[in-house]
1. The conditions are (1) surrounded by 19 or more Cβ atoms within 10 Å (Cβ to Cβ); (2) touching a Gly at 6+ places or on another chain (Cβ under 8 Å), and S124 fails exactly one of them. Which is it?
2. If you scan the stretch 81-121, which residues turn out to be under 19 Å from E364 (Cβ atoms), among the aliphatic types (A, V, I, L, M) and open to solvent by less than 40 Å² (accessible area, probe 1.4 Å)?
3. Suppose we filter the stretch 257-302 for residues that are among the hydrophobic types (A, V, I, L, M, F, W, C), open to solvent by 30 Å² or more (accessible area, probe 1.4 Å) and under 27 Å from the mean Cα position of the chain (by Cα); how many remain?
4. Taking Q253 as meeting all but one of (1) surrounded by fewer than 17 Cβ atoms within 10 Å (Cβ to Cβ); (2) modelled with pLDDT under 95, write down the number of the exception.
5. Taking into account only those residues within the stretch 362-381 that are open to solvent by 30 Å² or more (accessible area, probe 1.4 Å) and either within 16 Å of the chain's Cα centre (by Cα) or within 18 Å of W171 (Cα to Cα) (or both), which is modelled with the lowest pLDDT?
6. Go through (1) open to solvent by 30 Å² or more (accessible area, probe 1.4 Å); (2) out of contact with any Phe, Trp or Tyr (no Cβ under 6 Å at 6 or more places or on another chain); (3) in a helix (DSSP H, G or I); (4) not β-branched (V, I, T) one by one and return the number of the condition G200 breaks.
Amino acid sequence: MSLSELALAAGGAMLGTGGLVWLRSLGAGVRPITAADFARVAPAELRTAVTILADPHQTNMMLAALDLGSVDTGFPYVDGWDYDAHGLYADVVMLGGQKLKDWNNEDVCAQFATYLGVREVTVSSPAPSWVRLQVRVFDTLAAPATTPVAVADDVDLEAVPVGITEDGEIWTIPVPGHHILMAGRTGSGKSGVLQALIHGIGPAIASGRVDLRVIDPKGGMELGFLEPLCTRFECTMPESMIAMLEETVTDMQEAARRYRGKTRKPVPTVENPLTIIIIDEAATLSAFTDPQLRQRFERAHGLLLSQGRAPLFSVIETVIDPSKDTVPQRQLFPYRIGLGMDEPTQVAMIHGASARDRGSRCDEIPTTTPGVCYVQEDGKAGVTRARAYLVTDEDIDAIVAAYAPSKVATAPQGDYSDFDPDDLGDGEAAA
C-alpha cells in the first residue's frame, strides 16, 4: 500500500501542498494527516515503525538516540518512506561526513530494530550519500518457489535460473568463466541448489553443450541421480575420484592448447562443450584422506581452479565447513553461496571479513528454510539473499528422463591439425 492509498484508507482524498499531506474526511473539512492516521491503518506489525517514520520529530529523536544526528550538528534528511514486500523502507540523506558503515554495522541495525519494534532492520546505500533503511517484518522467502515447468532449449549458461531472490527476481547463476563454492550446515539445502542448477542446465546437457562430471564421496547416496546425465561419475574410492580430477586437468590443458591463438572467449558448443565438475563435500578429499592423496587432490584442484575458467572448465563445489583446511584454495572461487551455517566466523570464511556489514547473515538462516542463502559474486557490490527452487523426487526423475544425453559429447582429443576455429561459436576472436 502506497502513502496515497493510506490516505484514502484513512478516510478521504489526499491533497499535496508545499510538501504537506492533507486529509479530506467526510463531513470534517480538510485537515493535515497525522502520524496517528497512518499508524491506525498500518499493519499491526508496523504500527510502531509507522508512528515514528511518519512524524519528523519522533524520527529525529530516534536518530539522536542512535548518535546519527543532533540539534547541534543537524539531522539526516528523511526523504520519504513507503511499504514494500518486506515491510517498509525509508530513504535518508546522510549528514556530511557520515559513511555507510556508520549506519549498517550490526549494533546500529539492532538498535534501529529495537526502536522501531520489529525483528530486523537492514541498511544499504542506493546512491552516494544516501542510505535505505529496510524495516523487515515479512519474509518473502519463507515458502520455497516451485520449480519452473520448462527450461528453454537454448538456456543461457551465463544466467542459469535456479531460484528467486527476496525481491521477487529470478536468481540466476553464471556458469561459464566461473567457479562456484557452496557452503552450509547439514540440511541447509546444498543438494537442493545443485538439483535446481541441474534442472536449469538440463537442456544443454541433453544437447551436448555441457559435459557433466561428478564426484560424490558419499557413495552416490547424495548425487547418484545425476549419473545418467554424466560423462564421468565417481563415488567410491578416493583414488578413483582424484584420478578423474587429474584426467580432467589433462583435458583442460588440451582444450587450452586448442583455443590458443584462436579465441580468448570460447562459447560452449556440442563440439566444444562447457565441462562442469561437481565435487560434493570436498573435505572428504581435501582434509580427510591420506597425505599423498591429499597432495594429488590439491594439485589437480588448484590447476582446475586457476586455469579452468578460460577454456570452459567450471568447478562447482560443496562443503559443510568453508575453512582453509577444507577449501585451501577458496580464494579462487569468484561465486560463493552461503546457506545456513552454525558459526558467525563461517560467514566471514565464505563471504569475507566484512560480510556481515554487507548484509550476509548465513548463521541466522533457520533450519526450517532449506535453500535460503546469501550470494556473493566477485566484482559486484553487496550480497543477494535468495532461495533455490524446490525440486521434488518426482522432478528429479523427470529431469533425468528429459535430459539424459543420447550420446556422450566430449571435447576433441589428439590431432588438432584440422581444427576449425569456426567450431568455437561466437566468442571474441583473438586480435
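The values are calculated or read from the model by the stated rules, or taken from the named source; none is laboratory data. None of these values were measured; they are calculated from a predicted model. Note that each Cβ is placed from the backbone with ideal geometry, even for glycine, and that neighbours are counted across all protein chains shown. The accessibility values were calculated without ligands, DNA or RNA, using every heavy atom of the protein model including side chains. Shrake-Rupley method; radii C 1.70, N 1.55, O 1.52, S 1.80 Å.
1. (1)
2. Selection gives V108, A113, L116, V118, V121.
3. Total meeting the criteria: 2.
4. Among (1) surrounded by fewer than 17 Cβ atoms within 10 Å (Cβ to Cβ); (2) modelled with pLDDT under 95, the lone unmet condition for Q253 is (2).
5. Within the stretch 362-381, the match that is modelled with the lowest pLDDT is A381.
6. (1)
For (1) among the hydroxyl-bearing types (S, T, Y); (2) crowded, with 23+ Cβ neighbours inside 10 Å; (3) under 30 Å from D79 (Cα atoms), each residue gets a yes or a no:
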residue: W130; (1), (2), (3): no, no, yes
residue: G163; (1), (2), (3): no, yes, no
residue: G208; (1), (2), (3): no, no, no
residue: F225; (1), (2), (3): no, no, no
